[in-house]
1. Does G22 fit the bill of being modelled with pLDDT under 90 and of a type outside the set (A, V, I, L, M)?
2. Determine the pairs where a residue that is touching a residue at least 12 places away in the same chain (Cβ under 8 Å), located within segment 192-213, has a partner that is among the charged types (D, E, K, R) with Cβ atoms under 9 Å apart, the partner being 6 or more residues away or on another chain.
3. If L33 satisfies all but one of (1) modelled with pLDDT under 90; (2) surrounded by 16 or more Cβ atoms within 10 Å (Cβ to Cβ); (3) under 24 Å from L205 (Cα atoms); (4) not charged (D, E, K, R), what's the number of the condition it fails?
4. How many residues does segment 71-108 hold that are buried (at least 18 other Cβ atoms within 10 Å of the Cβ) and more than 21 Å from A17 (Cβ to Cβ)?
5. Which residue pairs have Cβ atoms under 6 Å apart, sit 6 or more places apart or on different chains, and have a first residue in segment 46-74 that is not basic (K, R) and a second that is not in a helix (DSSP H, G or I)?
6. So, in segment 78-123, of the ones that are part of a helix (DSSP H, G or I) and among the hydroxyl-bearing types (S, T, Y), which residue ends up nearest to V217 (Cα to Cα)?
Amino acid sequence: MLSYKKWIYIAVFLFVAGMIAGLALPEVTAEPLEEELAILKQLAAMLGPFQITTALFIFLKNVVALLTSFVLSPLLCLVPVLALVLNGGLIAFVSTAVIQEKSVGFLLAGLLPHGIFEIPAIIMGEAAALSFGAMVMFMVILLIIRKEIRTALLSTATQDKRHIFLSLALFLIVGPFHTVIILALLKEQTRTLLMPNLKQNIKYLMIACALLLPAAVIETYITPLFLI
């Protein structure tokens with residue numbers, strides 16, 4: 001599997017691809033990005049600057065987005081890919097509009113203070129999600145190919161009534177991919193395959209979430225000062 005550093009490169013590529021799409025194809029990307037921008041404007045109207053509730057809301061909103069992306073990443077990595085592309089596209093789309101209406105200086109004043117923390121946090125968190133999601137998909141392929149691993153999981157799932165009910169409940173609640181993950185963690189043979197990847201990516205995910213805290217504080221208390 002790829003190292004985390006290479007997943008960072010992939011995340012940067014997807015983020016930049018979204019920015020290019022937002023700049024070069026405004027007629028294609030405008031509709032979904034305008035909907036996202038409208039939601040952000042509504043939130044901005046509800047939450048004023050220099051309030052701790054605003055900082056907490058921004059922080060929790062971004063953390064929940066990263067955690068959701070990580071949890072859903074086993075679904076073909078679609079969520080982290082879309083998150084990176086849409087975030088990059090939204091920044092490019094908004095930047096173009098701000099430069100046209102205001103100036104480049106106004107854009108930099110509004111973006112750079114918190115962006116130096118928030119953008120790396122998004123890339124780090126989504127890279128961890130991509131890495132974890134790809135690992136799970138790789139494990140699913142191994143389940144199909146390698147009989148001994150498939151047999152180990154099946155024996156765990158059907159070991160007794162308790163495991164059977166647990167397997168069915170997990171399947172209904174979190175779906176097939178997450179069921180495979182949890183069942184795999186119950187068996188040492190497959191746990192050794194998943195745990196190092198999971199621990200590494202959770203570490204980087206937590207670092208990304210930590211970076212979102214100063215980003216939220218700066219966006220609430222410092223960025224507005226540059227825009228007055």
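The values are calculated or read from the model by the stated rules, or taken from the named source; none is laboratory data. Fair warning: this is a prediction, and the values are worked out from it, not measured in the lab. So basically every Cβ, Gly included, is an ideal-geometry build from the backbone, and we count neighbours across all protein chains shown.
1. Values: modelled with pLDDT under 90: yes; of a type outside the set (A, V, I, L, M): yes.
Yes, satisfied.
2. From residues that are touching a residue at least 12 places away in the same chain (Cβ under 8 Å), the pairs are A208/E126; L211/E118; L212/E118.
3. Single failed check for L33: (3).
4. 1
5. Qualifying pairs under 6 Å: T54/L47; F57/L47.
6. Step one: list which residues in segment 78-123 are part of a helix (DSSP H, G or I), which gives 78-101, 104-123.
Next, only the ones that are among the hydroxyl-bearing types (S, T, Y) stay: 95-96.
Numbers: S95: 21, T96: 25 Å.
In this case the residue turns out to be S95.
Each row is one residue, and each column tells you yes or no for (1) touching a Phe, Trp or Tyr at 6+ places or on another chain (Cβ under 8 Å); (2) at pLDDT below 75; (3) more than 15 Å from V140 (Cβ to Cβ).
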{"position": "H178", "(1), (2), (3)": "no, yes, no"}
{"position": "C209", "(1), (2), (3)": "no, no, yes"}
{"position": "I218", "(1), (2), (3)": "yes, no, yes"}
{"position": "I222", "(1), (2), (3)": "no, no, yes"}
